[in-house]
Structures are given as structure tokens and as C-alpha cells.
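Inspection log for the structure reproduced underneath, given as C-alpha cells.
The values are calculated or read from the model by the stated rules, or taken from the named source; none is laboratory data. Fair warning: this is a prediction, and the values are worked out from it, not measured in the lab. Here the Cβ is made from the backbone with ideal geometry for all residues, glycine too, and neighbour counts use every protein chain on show. Ligands, DNA and RNA are excluded from the accessible area calculation, which covers all protein heavy atoms including side chains. Shrake-Rupley method; radii C 1.70, N 1.55, O 1.52, S 1.80 Å.
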Amino acid sequence: LVQPVTPDLLVSPSSQNGDLGSECPEDRGNWTGRLDFLLSCIGYCVGLGNVWRFPYRAYTNGGGAFLVPYFIMLAICGIPIFFMELSLGQFSSLGPLAVWKISPLFKGVGMGTILIVSLVAIYYNMIIAYVLFYLFASLTSDLPWQHCGNWWNTDLCLDHHIIKAGNTTFPVNITNTVSPSEEYWSRYVLHIQGSSGIGDPGRIRWNLCLCLLLSWTIVYLCILKGVKSSGKVVYFTATFPYLILVMLLIRGVTLEGAWKGIQFYLTPQFDHLLSSKVWIEAALQIFYSLGVGFGGLLTFASYNTFHQNIYRDTFIVTLGNAITSILAGFAIFSVLGYMSQELGVPVNQVAKAGPGLAFVVYPQAMTMLPLSPFWSFLFFFMLLTLGLDSQFAFMETIVTAVTDEFPYYLRPKKALFSAVICIALFLMGLILTTEGGMYWLVLLDDYSAGFGVMVVVITTCLVVTRVYGMKRFCRDIHMMLGFKPGPYFRSCWMVLSPATMMALLMYNIVKYQPSEYGSYRFPAWAEVLGILMGVLSCLMIPVGMVMAVLQEEGTLWEVGVQQASRPAMDWGPSLEENRTGMYVASLAGSQSPKPLMVHMRKYGGITSYENTAIEVDREIEEEEAESMM
């Protein structure tokens, strides 16, 4: 006898009958432990920016006074958008592309997100490769950037020990000299003297190339089995940095002159609060530190169980991220205070941000400490673990997004597909390992995730609250968590968050400054290329709209646009037992528009969420009655 085949459209996502239904969502995977999701989010948010961007931003924007706009912007932008992304991912159990079943007309937002994350993943792993290079270089009794006299040093190189000795017979002009750590970074690691600019990349630095290959190999092995493997790795990569950070903090505050650096870091200058720039800087720090708009939060939440308490997790991660940034500032500036005292220069002359802090200033400070290789190894191992779990999130976002689009072809071959993605991004990142690779890295860093991410977040906010509907979104959260978001979240989603993001976007456009690296100014064609990188992710939105409308039948506006903006028929919780209220009608074989009690009897009778489901149905009936009057 031939078994009857259920048509594809009638196979529910959790159906156990039929080959297609059995693959989804069981084969998609879930977190295997209670803390997997929480630690993955902490590891994703707490990254390199907490160490090398926040402390510098704080001291240049009012010191301790910067914390006022920082926490206000966290409340207005950070927490609400963070919770929105987690809610979308957990409710639908879908990645950044497939989640746009919520409104297929805007699927281009997901396409733009994937493009941004791919570009970021290319250069972010190159930074991890630099960290690996320094990590291996620290495995020695004498750090290679400790003294001058090496083949890569120039006549401008000045050893800090000479300054400290103070017994030279000639006056030392520090402003016209270069530290050994700076020459080690630029002339040995990067070998940037072999390139005349971004148009002349020069030769591949094979030691950097091997470090990049190693970093991609580590990332692949950790995401090999999806969240089942990366969810276990983060137990180490998300927690160990805190141990090292505390060790560096204790060592830092016990150094002579440490208080000078901490005072420089936190002395409040409240007059700065009258400047709009300080508030914009606070919002930017929150925006990029939490990683909203990159799809990582949505992806991680999509592997949760349907009733996971993401409301609690939101506050744990966002506040934990803020506290970590502040602690990192103490660890960094206490050492910089000691360094400024040793060199006899003000703190502001040694304080830097970004790669300059991680690969020049802090390594130089390490050479001034006893057991300098040990402290150097700890510092770079901390940076490695901070960077890796952020990279896990980027890769998981890309892989999940594409496999959710083609689940029956790619999901059984997820390990192979992940390998293909890693190899492709490694090959595209080879230009970053050349002598002029730093110029390309700066270009990618400045443009790949600039205004594109802001456009993605603003569009997501507007679509969820205005196209899909605030009332319906809150009802979905009610079904999932057992309570509705309060006035704070609703007011932020409707007005405050998108308005603040639009102000950020306008500020970035009005205050646009061409890229630069040290004294090098990028040529016009490089600037145009960078702008195109940013604009391309935004162009994905209208491209997605055109594709969605063309797939609909009928006239352009009345049928095409309106139909494409409505949620897809299979939008909702992925598991049948979680589909209650209005979502039951979209299940395979459902005839009644409100078969709630039949559904609950089929799946175990009375459940802990029965009252919630009944309330949702009652609200729908009341709305329908009001609309008919």
C-alpha cells in the first residue's frame, strides 16, 4: 500500500508525519543547558569595545559625568531594542531572514543585516588574529617590544628605561620619539612601511595569514555543531575574561600612580552634559556595545524554549555589560596612570582608543611591570576570549539565517555549510594580512557597520510597532511570557527609541568625517567604496520590497503591497503546542477560527498558560466586536 502524502502547505512545522515536517524544528537544535543562552548573550555583548572604546569615550566626554547620559541612553535605546530583538527571535524560533514572515515586504532588512554581519566578521577575525600574534609573542622571557635595537627599530625609537634612569647627559625630547611597542606594532607586525597606501597592499604577511587561518579554524570548531557546541564553549569564553579582568584590576590599582589614571578617568566634568556630542557618544556606545541590529541577539533567542524568561535576561545582560565596561575602565586607566608616572608625561598623552590601546599602549605598560610576559599573556588571552564569543555570534547569525531559508537542503549539512562560509570569509580577509591590510581594516571598521545598522534598527522598530502593530506584538509577548510589556517599553518602542536612532543617524551624516589612519588620509575612491559598503546594506530594503511585491498577484498597491506587508500564513510559534489563540487557525487541518479549548485538550489539557491564551482570545473577540460597531 502506498501511504498518502500530505501536501507541503499542510505540513505544520512540528508535524511528526512526513519527512519534511520531521526535520523542522527538531533538527534545528536548541540550547542544551539553562545558562547557555544567557552566557552566549553576555559573551556576545561584552566584547573588545568594552575594553578599548568605553574607557576612552568616558574620559573624553566628561569623565564620571559621562555615566549620566550613558545610563539614560541605555534605558531609552539599549534595553527596549534588546528586549524587542529577543522577543522576535524567541516567539518565531527563526533567524534574521526567516523572521520577516512577520511582514514579508520588509525581508530586505534581514538581507541587509546578513550583509553587514558578513563584512564585520571578515575584519573582526583579523583583530583576533592580531591578538593571537601577540599572545604567541608573549611566550618568552623578554617581550620583543620591550627594547629598541631590533632590526625593525628606527633612530626615533626611545626606550622608556632611559627616561626612567634620568642620568642621560643630553635632554630627551619625548615628543619626537617613538616607543618600542609602537614600532613593533607598525613596522614588525603590520610591516606597514612596505605599503604606500590602501591602493598598494604590498605582500602578504605569512605570519599574520597563519594567525588568521588559526582564528578561523578555532571559530569553525566551536560552531561546528551549532548552538550545541558554541553554547558549551561560552561557559569558558564568557566567564574567564572576568577572572583576568579582576586580576588586572587588582594589579593595576596597587601600582604607584594608579590613582592619577583613575582620577583622570572618572573626575566628573558636568559642563560636558550641555554638549549634544556627549549624548550622541553615549548612545553610540550603547548601540554598538549591546550589538543590536546585527542579528546575533535574535539568532540566540530563536534557540530558546518558547516560555524562556527573556525579560529577566534582558536586564541581566544589559546592566552586566554596562558594569563590565566601567570595571574595564578602572583596569585600563590604573595601568595608564602608572605608565604616565613612569614616563613623566600627563595621562592624556598615553591614553588611546581602539587598536592603539590594545597593541601599543597597554603592551608598553606591561613591559614596565615585573613578570611582564605573564601579564602580557593574561591581557591578550582576555582579548582573545572577549573576541571569540562575539565572532561565534556573527557566524551563527549568518549560518542560521541561510539554513532557516533552505532548511530541507542545508540543515542536514550544517557543518559543511559552516565550513564553506568560514573558508569564503577567510579568503576575502586575506587582503587584511598584507602590508597595507590595516588601511582596509580601518575602511571596513568605519563603513561596514555605520549608518547601515542604524537604518536596520529604525526600520525594525517601525515595522514591528506600526505595520505589524504594537497591540499585536504585545499580545504575542503576553502569550509567550504570561504578561504584557508595560508603558515604559511601549513608549520607547513607539517614540523614544526610533527618534533617538534617527537623531544618531542624522548626526553621523551631518558630522561625516573621511577615514584616516594616523597621518594617512584615504583617497577619494576609497571613501566612495566605503560609502557604497554602507549604502548597499540599506539598498537591500527596497530590493526586498520589490521582490516581495512581485511574488504577490494582483494590482501593485491594493494587493501587492498590502498583502506583502501582512504576516505570512505560517507566522507564529514554530511548535504546534505553543500555538494558542489566533495562531491555532493557521495550523494544518484547523477548521474553527478559535479552536482554543480543542487545541489545549489535544496537547495535555489544562496548561500553565491556559489563562493567558483565554485572555488573548477574549481581546481578539472584543476588538472584532468594536470594529463591527
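Per residue, region 303-378 exposes 30 Å² of solvent-accessible protein surface, assessed with a 1.4 angstrom probe and all protein chains in place. Taking label points 7 Å from Cα along the Cα-to-Cβ direction, Asn176 and Gln269 give a separation of 3.0 nm. Here the gap between Thr154 and Arg472, fully extended at 0.36 nm per residue and compared with their Cα-Cα distance, gives a gain of 107.9 nm. As a ratio to 2.2 N^0.38 Å, the alpha-carbon radius of gyration for region 471-549 is 1.70. Using the Cβ-Cβ distance between Leu427 and Gln349 with R0 = 60 Å, the FRET efficiency computed as 1/(1 + (r/R0)^6) comes to roughly 0.90.
If you model region 418-470 as an ellipsoid using its alpha carbon gyration tensor, with each semi-axis the square root of five times an eigenvalue, the axes come out at 34, 16, 4 Å, biggest first.
The per residue volume of the convex hull around the alpha-carbon atoms of region 169-238 is 185 Å³. Which entries in the list Lys260/Lys352; Lys101/Lys471; Lys228/Lys414; Lys101/Lys225 go over 20 Å, if you measure between the two C-alpha atoms of each? Exceeds cut-off: Lys101/Lys225. The P(r) of region 215-350 has a tail past 27 Å containing 41 percent of all C-alpha pairs. Structural size metrics of region 339-452, computed from C-alpha coordinates, are Rg and Dmax of 19.7, 65 Å.
Were the residues from Gln562 through Tyr235 laid out at 0.36 nm apart, the gain over their Cα-Cα distance would be 113.1 nm.
Working from the Cα coordinates of region 289-388, the gyration tensor eigenvalues give, after taking √(5λ), semi-axes of 36, 14, 12 Å in decreasing order.
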